[in-house]
Ligand SMILES: Nc1ncnc2c1ncn2[C@@H]1O[C@H](COP(=O)(O)OP(=O)(O)OP(=O)(O)O)[C@@H](O)[C@H]1O
Ligand SMILES: [Mg+2]
């Protein structure tokens, strides 16, 4: 463990998670799983016929970041748009069941984004996506502005979870940036390179290596190029820090006027890396909102990510698991 990191400070921050509220804004999605059996090939076309046994749903996209925060015991307000349809109703109900405050979700005319996986004998047969790029404007933008104003006043930190489905645009970022500036709270962004310019003025961004390379135009092959890429993103977007996640290689944090701070992965066993990025930004935000320095919050995020990649599926870590993992560090 890095000698600059005080385990007690991390544990105390995690213990304070229940008193923390984070606003998560981004593209909301519903992940649907249709589980069934295949016993024959269709007479209509050379495709398997799946007989459905059960259907399950999970929170996806930005809603999965909110799920991570709740799993750690934090309070979470979810912000974004969803359709006025059955999937939207299911998404909001599922979020409420998880204790997520959906007060900052606004209905719009588009369909709720749903990704349906049809799974037979433990294998995905096909994925069916229903989505429409949206650009909140007019009344929807006005409603979002109103609900964000209220939500930010209750939040210790704001996360923008961008999946480039249209929710995060210049207008929405502008509203969040101005409101957060007024309340002096940080805005953390999990970015998509195609939307890079939109994030100007964000406090911190958490791209993975590929995203950081695309955003900076610098190919990342070692610590030196990682540092250069993070520094360029930071400068271009006037951010205070960039945290680049490096999959099996852990992460690297670059802050203004500081050298690269690297953290090796904590994962002992790796089963499923899906959603690890969501865990990183959720945990980092919780750490920052509880007074941790960025380096400490990055450590915490790396610990939580190490836990979730050791579980199957889009998993989360809870505060007990995180405290246990901190105490196990030598
Ligand atoms: N294969 C792995 N082995 C060990 N740790 C991993 C692995 N993959 C991810 N992690 C942990 O999870 C963190 C985030 O992973 P990664 O860099 O893959 O993010 P990402 O690409 O944004 O993920 P996502 O698919 O959720 O968007 C890493 O910093 C690391 O701590
Ligand atoms: Mg990611």
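Here, each number is a calculation from the coordinates, and none is a lab measurement. Values in this document were obtained by computation on a predicted structure and should not be read as measured data. All Cβ positions, even for glycine, are placed from backbone atoms using ideal geometry, and neighbour counts span all protein chains on display.
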Point to revise | Residue-averaged [θ]222 nm for the chain, counting only DSSP H segments that reach four residues, each worth -39500 (n - 2.57) | key: -11500 deg cm²/dmol
Practice item. Sticking with the crude label model, points 7 Å out along Cα→Cβ, report the distance from residue 197 to residue 6 in nm, one decimal please. Key: 4.5 nm
Practice item. Taking 7 Å along the Cα-to-C-beta vector as the label spot, tell me the residue 182-residue 146 distance in nanometres, rounded to one decimal. Key: 1.5 nm
Exercise for review: Report relative contact order for region 210-327 in percent, whole number only (criteria: Cα-Cα under 8 Å, sequence separation at least 6).
Suggested key: 19 percent
Check your understanding: Computed FRET efficiency, Cβ-Cβ of residue 323 and residue 135, R0 35 Å: what is it to the nearest 0.05?
Key -> 0.25
Practice item. Quick one: divide the alpha-carbon radius of gyration of the chain by 2.2 N^0.38 Å and tell me what you get. Key: 1.00
Review point. Just for region 121-242, what percent of DSSP beta bridges are antiparallel, to the closest 5?
Key: 0 percent
**Study point:** Global form of region 98-242, assessed from the alpha-carbon gyration tensor, a/c cut-off 1.5
**Key:** oblate
Exercise for review: Take every Cα pair under 8 Å in the chain that's 6+ residues apart, average their separations, divide by the length, and report that relative contact order as a whole percent.
Suggested key: 17 percent
Exercise for review: Specify the residue with the greatest mean-square fluctuation among 281, 119, 159, computed from a Gaussian network of the chain linking alpha-carbon atoms under 10 Å apart.
Suggested key: 119
Exercise for review: Can you tell me the 0 to 90 degree angle between the C-alpha axis of helix 294-308 and the longest principal axis of the chain, rounded to 10?
Suggested key: 30 degrees
Practice item. Report the extension gain between residue 127 and residue 109 in nm, rounded to one decimal, defined as 0.36 nm multiplied by the number of residues separating them, less their alpha carbon distance. Key: 4.1 nm
Revision key, fill the gap. A convex hull over the alpha carbons of region 234-330 yields, per residue, a volume in Å³ of 104 Å³
Check your understanding: Could you state the per residue volume, in Å³, of the convex hull enclosing the Cα atoms of region 31-98?
Key -> 125 Å³
Revision key, fill the gap. Checked region 219-259 against the a/c 1.5 cut and the a/b vs b/c comparison, axes a ≥ b ≥ c from its Cα gyration tensor; verdict prolate
Revision key, fill the gap. With Cα springs under 10 Å, the Gaussian network model of the chain assigns the largest mean-square fluctuation among 311, 54, 165 to 54
Revision key, fill the gap. Candidates 16, 285, 184; GNM for the chain (alpha-carbon contacts under 10 Å) flags as most fluctuating 184
Point to revise | Rounded, prolate or oblate (a/c below 1.5 giving rounded, otherwise prolate when a/b exceeds b/c) for region 186-302 by Cα gyration tensor | key: rounded
Exercise for review: Could you work out how far helix 223-237 tilts from the main Cα principal axis of the chain, as a 0 to 90 degree angle to the nearest 10?
Suggested key: 80 degrees
Practice item. Just the number, please: percent antiparallel of the DSSP beta bridges in the chain, rounded to the nearest 5. Key: 45 percent
Review point. Distance from the Cα centre of region 237-282 to that of region 113-168, in angstrom?
Key: 23 Å
Check your understanding: Angle between the Cα long axis of helix 62-71 and the longest principal axis of the chain, 0 to 90 degrees, nearest 10?
Key -> 70 degrees
